[in-house]
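The values are calculated or read from the model by the stated rules, or taken from the named source; none is laboratory data. Values in this document were obtained by computation on a predicted structure and should not be read as measured data. Quick reminder, even Gly has a Cβ in these numbers, built from the backbone with ideal geometry, and neighbours come from all protein chains shown. Protein only, heavy atoms only, side chains kept; ligands, DNA and RNA dropped before computing areas. Shrake-Rupley method; radii C 1.70, N 1.55, O 1.52, S 1.80 Å.
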Amino acid sequence: MKEFWLDWGKWKLKPKNDWKEKAKKTAALEAVKHVRDGFIVGLGSGSTAAYAIAEIGRKIREEEIEVLGIPTSTQAFYLAIRHGIPLTTLDEHPTIDLTIDGADQIDKKLNLIKGMGGALTREKIVALCSKKVVIVADETKLVEKLGENHPIPIEVVPFAVSHVISEINKLGGKPKLRETKGKVGPVITDNGNYILDVTFKQTENLTELNRKLKLIAGVVETGLFLRIADQAYLGKRNGDLMKLSRNR
Ligand code: 5RP
């Protein structure tokens, strides 16, 4: 018999996506094999990166390696503490050996959309300070064309939100202020900002789009991670692992 869980929000039964959890864990465990004794490791955010954080904790306990973590979010911070990963900061260690993080969309060239967990700014800073960035996900995150049928999250200074919305409209984007669940009002990021989820009809030249978005006063960071990731492990429905690589 199939296992079911109740989605109270929609009042209907949904089959539990067990294969996805296994796929995410398989990908995360493979990525953690890159972690070596003495490494400074960037700790990604989201449910897939959480498996990697747990595995790094196990490696520290059982294989007695010394690793220092730099969390990309409050979530990663508390997970690192729970799994016994000693932490450091970018001020103490401005160069990170390896970052393991999740993604919301991945194309074959390893360009990404990130930020559905709202941690995009710290994730991008940590990734750009890293010698190597490994992405972990299940295979449903792999897409032909980035940004098609998916919003691009953009972190915005609250003071500037109306101005940013009007500038994004001029670029042909449709921004939607991300709202919290369980509390009324906008999501506040770990940096005290808002998130706009922006859909674009035209996603042909993402490098140019990213450049234009970053030029808007009040835009802190975009969820477009272009030519940043080096490798990706994608767990498949059949239990296999897909590996994608990019030369820097
Ligand atoms: C958070 C992110 C996450 O890495 C992304 O949302 C993927 O999360 P998950 O592994 O839960 O699907 O970018 O800002």
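The table below lists the values:
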{"quantity": "Loop-exposed GluC sites (Glu not before Pro) per DSSP, neighbour cap 15 Cβ within 10 angstrom, longest uninterrupted part of the chain", "calculated": "4-63"}
{"quantity": "The stretch 194-237 and the stretch 134-166: distance between their alpha carbon centers, rounded to Å", "calculated": "6"}
{"quantity": "Choice from 135, 168, 154 with maximal GNM fluctuation in the chain (Cα, 10 Å cutoff)", "calculated": "168"}
{"quantity": "MRE, 222 nm, helices only [DSSP H, n ≥ 4, -39500 (n - 2.57), over the chain, to nearest 500]", "calculated": "-8500 deg cm²/dmol"}
{"quantity": "Restricting the stretch 128-157 to trypsin sites (Lys or Arg not before Pro) in coil, as DSSP defines it, with at most 12 other Cβ within 10 Å", "calculated": "145"}
{"quantity": "For residue 197, solvent-accessible area (1.4 Å; no DNA, RNA or ligand), Å²", "calculated": "20"}
{"quantity": "Probe 1.4 Å - accessible area at residue 78, Å² to nearest ten", "calculated": "140"}
{"quantity": "Cβ-based charge dipole, the chain, positive-most Cα from 175, 54, 153", "calculated": "175"}
{"quantity": "Placed amide H near residue 44: partners under 5 Å, 5+ positions off or other chain", "calculated": "100"}
{"quantity": "For residue 105, residues with placed amide H under 5 Å, excluding near neighbours", "calculated": "113"}
{"quantity": "Whole-number percent relative contact order across the stretch 177-237, with pairs defined as alpha carbons under 8 Å at least 6 apart", "calculated": "18"}
{"quantity": "Solvent exposure, largest accessible area first (probe 1.4 Å, DNA, RNA and ligands not counted), of 180, 203", "calculated": "180, 203"}
{"quantity": "Candidates 120, 209, 43: whichever shows maximal mean-square fluctuation once the chain is modelled as a Gaussian network with Cα springs under 10 Å", "calculated": "209"}
{"quantity": "The stretch 39-138: proportion of alpha-carbon pairs further apart than 20 angstrom, %", "calculated": "29"}
{"quantity": "Quarter of Cα convex hull surface for the stretch 152-220, i.e. mean projection, nm²", "calculated": "4.7"}
{"quantity": "Antiparallel %, DSSP beta bridges [both residues in the chain], to 5", "calculated": "60"}
{"quantity": "Extent along principal axes [Cα atoms of the chain; Å; largest to smallest]", "calculated": "54, 53, 38"}
{"quantity": "Tilt relative to the chain, helix 18-32 - C-alpha long axis, 0 to 90 degrees, to 10", "calculated": "70"}
{"quantity": "3J(HN,Hα) from dihedral phi, the stretch 55-72, Karplus parametrisation 6.51/-1.76/1.60, rounded to Hz, x for glycine, proline", "calculated": "5, 5, x, 4, 4, 5, 5, 8, 9, 6, 8, 9, 9, 10, x, 10, x, 9"}
{"quantity": "Dipole magnitude (debye, nearest 20) for the stretch 152-220, charges at Cβ of Lys, Arg, Asp, Glu", "calculated": "140"}
{"quantity": "Total charge dipole magnitude, the chain, about the Cα centre, Cβ charges on Lys, Arg, Asp, Glu only, Debye to nearest 20", "calculated": "780"}
{"quantity": "J(HN,Hα) series, the stretch 194-203, from Karplus relation 6.51 cos²θ - 1.76 cosθ + 1.60, nearest Hz, glycine and proline x", "calculated": "9, 10, 9, 9, 10, 9, 10, 6, 9, 10"}
{"quantity": "Accessible solvent surface per residue of the stretch 100-248, calculated while the other protein chains remain in place, 1.4 angstrom probe, Å²", "calculated": "50"}
{"quantity": "Using θ = phi - 60° and Karplus 6.51 cos²θ - 1.76 cosθ + 1.60, couplings along the stretch 78-83 (whole Hz; Gly, Pro as x)", "calculated": "5, 5, 4, 4, 4, 9"}
{"quantity": "Selected from 99, 26, 89 as most flexible by GNM, with the chain as the system and alpha-carbon contacts under 10 Å", "calculated": "89"}
{"quantity": "Accessible carbon and sulfur surface of the stretch 152-220 relative to its total accessible area, %, 1.4 Å", "calculated": "57"}
